[in-house]
């Protein structure tokens with residue numbers, strides 16, 4: 001477990017982690033704009049979550065006042081980075097504008113980190129599918145399955161559908177059940193903020 | 001390792017297999033910034049590490065090869081163990097649990113014998129009366145009745161839950177959780193000295209762990225370093241004490257706070273007690289503390305004196321979680337008076353074992369030879385207090401079962 005006194009130190013450690021992954025892995029991210037977007041997204045989520053107080057229920061817990069990265073955070077951080085890198089690659093010249101990609105990556109990182117810190121147990125598959133949806137915008141199920149299976153490394157259409165199903169039934173630490181994806185009025189799937 | 005607990009007291013393996021109960025379901029997931037937690041109603045310590053991490057730390061500890069993270073973890077164990085000691089030694093902490101248990105004991109919106117006759121399950125129960133219990137029809141209707149009871153209970157629980165409370169137990173025990181919410185408010189109220197009841201409970205645990213693990217030499221530097229990483233509720237007691245008694249802080253903080261926890265309002269009692277100890281003639285806390293304790297009633301602002309846990313327990317005979325421990329303390333089997341068990345960290349080394357539940361994120365064991373069934377019962381109590389079970393999840397499961405049942409009925413009726 002790594003401890004940090006300030007949010008800035010914590011965010012710097014995240015950037016360092018993302019940059020320090022072997023360049024052969026999908027989690028390796030060097031694009032400065034994407035890194036900044038990931039960092040901004042996690043910062044937003046972290047600020048929001050820390051403002052939510054939790055009842056003690058009479059228990060006596062030892063809480064630290066600073067910031068921490070636990071070993072179990074790392075796979076989630078890597079999955080977020082993978083999703084962001086895939087998006088950056090997918091939206092090359094002629095695709096989404098750079099500003100729009102950065103905004104979408106930031107929103108995706110924020111959504112994932114907030115859900116994770118609130119107790120959602122997200123698998124790398126779920127993070128990848130959530131990221132795909134967040135970055136590509138609302139999509140019909142068949143389009144989503146086909147596109148995600150084609151663009152996400154090693155994904156089948158069934159695997160995409162299974163992740164979508166579990167993203168509609170995510171339990172948080174406070175006992176709430178949330179949908180991280182939903183079907184809108186036009187019948188298309190979209191990511192849902194929590 | 002000097003000054004650290006004998007970890008073997010937490011290592012006793014327990015048979016985790018059970019055909020009917022998976023006690024892992026009772027374990028609370030803690031927030032990432034929570035290192036550990038002591039739930040005092042059930043007497044269970046929960047560490048926010050996996051079983052593998054804990055075992056690896058224990059292996060390094062036994063070889064005297066602890067890392068900085070290991071030291072943090074051991075300090076957390078010492079911190080939470082001190083809360084256990086506060087609970088079984090001090091009058092305030094023991095009465096706090098007894099009062100909560102009394103309300104818990106008489107509070108549930110669920111009742112086995114109160115099925116309204118006009119409810120769906122009430123009508124089905126009436127229909128069951130005319131059937132042979134061995135008949136398939138009875139078995140089928142009985143299962144449906146149970147499902148409907150669950151559905152009706154969930155309705156009651158939802159109606160009684162506080163806004164935003166999605167847990168199962170929050171709405172099932174509304175008076176109990178209202179009591180805990182009021183307690184939290186009262187214990188967080190900060191007085192003009194900058195102290196709250198919670199700051200005394202937590203501040204002593206921080207100081208105790210530092211003194212136990214590092215002694216008095218360099219105490220202030222270590223406290224300053226640790227306090228800089230903790231929220232104010234953990235550091236306020238140290239800062240206030242340091243401001244009043246300077247280099248006697250390591251000597252007087254725990255005795256003054258231990259005496260304050262003998263009182264109904266520890267936050268109001270602390271400063272008068274600390275001043276009395278500072279002003280006492282011998283300047284030796286071993287001699288001064290008994291003198292100050294004898295005239296606790298006469299100190300200004302101290303209020304009602306409760307005494308120790310062993311003094312309070314006769315008022316609450318129904319609360320038995322700590323009975324064996326209190327029997328041991330009363331018979332002096334722990335080798336020290338409850339005051340010194342709290343006031344002098346060295347006395348902890350004389351405690352033969354700490355009989356409390358000890359949980360990691362994915363494992364559990366009974367410290368101090370705690371019986372397995374008792375441990376699981378206490379884990380269940382802990383799961384209620386910490387609201388482990390999700391009401392939303394249960395509602396969804398019951399809805400799905402009811403849907404499947406309705407589908408089955410339709411299939412039977414239509415011959416499909």
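Rank the residues B:129, A:142 as a footprinting-exposure proxy: fewest other Cβ atoms within 10 Å of their Cβ go first. Please report the intermediate quantities before stating the final value.
Working: B:129 6, A:142 9.
Fewest to most other Cβ atoms nearby, the residues stand as B:129, A:142.
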- [ ] Estimate the FRET efficiency between residue A:161 and residue B:282 by the formula 1/(1 + (r/R0)^6), using the beta-carbon distance for r and 60 Å for R0, to the nearest 0.05.
- [x] 0.20
Open item on the list: Starting from the 7 Å offset along Cα-to-Cβ, what nm value, one decimal, do you get for the label separation of residue B:244 and residue A:194?
Closed with: 4.5 nm
TODO: Using all C-alpha to C-alpha distances in chain B, build P(r) with 20 Å bins and read off the rounded percent in each one.
DONE: 23, 50, 20, 6, 0
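Which whole number gives the average, over all residues in B:36-43, of C-beta atoms from other chains lying within 10 Å of the residue C-beta? Could you put the intermediate results ahead of the total?
On the way: counts 4, 7, 4, 5, 3, 3, 1, 0.
That average works out to 3.
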TODO: State the dimensionless ratio Rg/Rh of the stretch B:263-416 (Rg: radius of gyration of Cα atoms; Rh: Kirkwood radius).
DONE: 1.25
TODO: Give the whole-number value, in cubic angstrom per residue, of the convex hull volume spanned by the C-alpha atoms of the stretch B:150-209.
DONE: 107 Å³
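So what's the back-of-envelope 222 nm ellipticity for the protein assembly as shown, counting only DSSP H runs of four-plus at -39500 (n - 2.57) apiece and dividing by all residues, rounded to 500?
Details: 26 runs with 346 residues, N = 610.
-18000 deg cm²/dmol, from helical runs alone.
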Open item on the list: From zero outward in steps of 5 Å, how is the percent of C-alpha pairs of the stretch B:189-255 spread across the bins?
Closed with: 3, 19, 32, 28, 13, 3, 1
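Beyond 41 Å, what share of the Cα-Cα pairs of the protein assembly as shown remains, rounded to the nearest whole percent?
Values: 67623 of 185745 pairs.
Tail of P(r) above 41 Å: 36 percent of Cα pairs.
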Task: Stokes-Einstein D (µm²/s) once Rh is taken as the Kirkwood radius of the stretch B:68-119 over alpha-carbon pairs, at 25 °C in 0.890 mPa s - done: 169 µm²/s
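Please state the relative contact order of chain A as a whole percent: Cα pairs under 8 Å, 6+ residues apart?
Details: 255 pairs, mean separation 40.3, N = 194.
Normalised by residue count, the contact order of chain A is 21 percent.
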Open item on the list: In whole Å, what are the extents of the stretch B:321-397 along the principal axes defined by its C-alpha atoms, from largest to smallest?
Closed with: 53, 24, 21
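Taking the beta-carbon count within 10 Å as an exposure proxy, list B:329, A:69 from fewest neighbours to most. Numbers along the way, then the final one.
Values: B:329 22, A:69 17.
Placing the least packed residue first, the sequence is A:69, B:329.
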TODO: Could you grab the relative contact order for chain B? Cα pairs under 8 Å, six or more apart, rounded to a whole percent.
DONE: 29 percent
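Quick check: residue separation of residue B:133 and residue B:191 times 0.36 nm, minus the Cα distance between them. What number comes out in nm?
Once the chain is fully extended between residue B:133 and residue B:191, it gains 14.5 nm.
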Open item on the list: If neighbour count is taken as other Cβ atoms inside 10 Å, put B:37, B:180 in order from fewest to most.
Closed with: B:180, B:37
- [ ] Evaluate peptide B:215-228: per residue, the Cβ atoms of other protein chains within 10 Å of its Cβ; return the mean as an integer.
- [x] 0
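Please report, in whole Å³, the volume per residue of the convex hull around the C-alpha atoms of the stretch A:2-191.
Working: hull volume 24.5 nm³, N = 190.
Given the Cα convex hull of the stretch A:2-191, per-residue volume reads 129 Å³.
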- [ ] Write down the percent of antiparallel bridges among all DSSP beta bridges whose residues are both part of chain B, to the nearest 5.
- [x] 75 percent
TODO: Using a 10 Å cut-off on Cβ to Cβ distances, tally the other chain neighbours for every residue of A:66-73 and report the average as a whole number.
DONE: 3
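With a ≥ b ≥ c taken as the square roots of the eigenvalues of the C-alpha gyration tensor of the stretch B:256-303, please select rounded if a/c is under 1.5 and otherwise prolate if a/b is larger than b/c or oblate if it is not? Working shown, then result.
Working: a/c = 1.89, a/b = 1.82, b/c = 1.04.
Note, shape of the stretch B:256-303 comes out prolate.
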Task: Rg(Cα)/(2.2 N^0.38 Å) for the stretch A:132-191, N = residue count - done: 1.16
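Hey, any idea what Rg/Rh is for the stretch B:241-334, computing Rh the Kirkwood way over Cα pairs?
Details: Rg = 14.8 Å, Rh = 14.4 Å.
Result for the stretch B:241-334 is an Rg/Rh of 1.03.
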Open item on the list: Can I get the semi-axes of the stretch B:105-210's equivalent ellipsoid? Compute them from the C-alpha gyration tensor as square roots of 5 times the eigenvalues, in angstrom, largest first.
Closed with: 47, 14, 10
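What is the calculated FRET efficiency for residue B:110 to residue A:143, with r their C-beta to C-beta distance and R₀ = 60 Å, to the nearest 0.05?
On the way: r = 47 Å, r/R0 = 0.79.
The formula returns an efficiency of 0.80 here.
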TODO: Would you calculate the separation in nanometres between label points at residue A:99 and residue B:31, each defined as 7 Å from the Cα along the Cα-to-beta-carbon direction?
DONE: 3.7 nm
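Rule-based calculations on the coordinates, nothing more; no lab input. Note that this is a predicted model, so its numbers are computed, not measured. Reconstructed Cβ throughout: ideal geometry from the backbone, glycine too, with neighbour counts over all protein chains shown.
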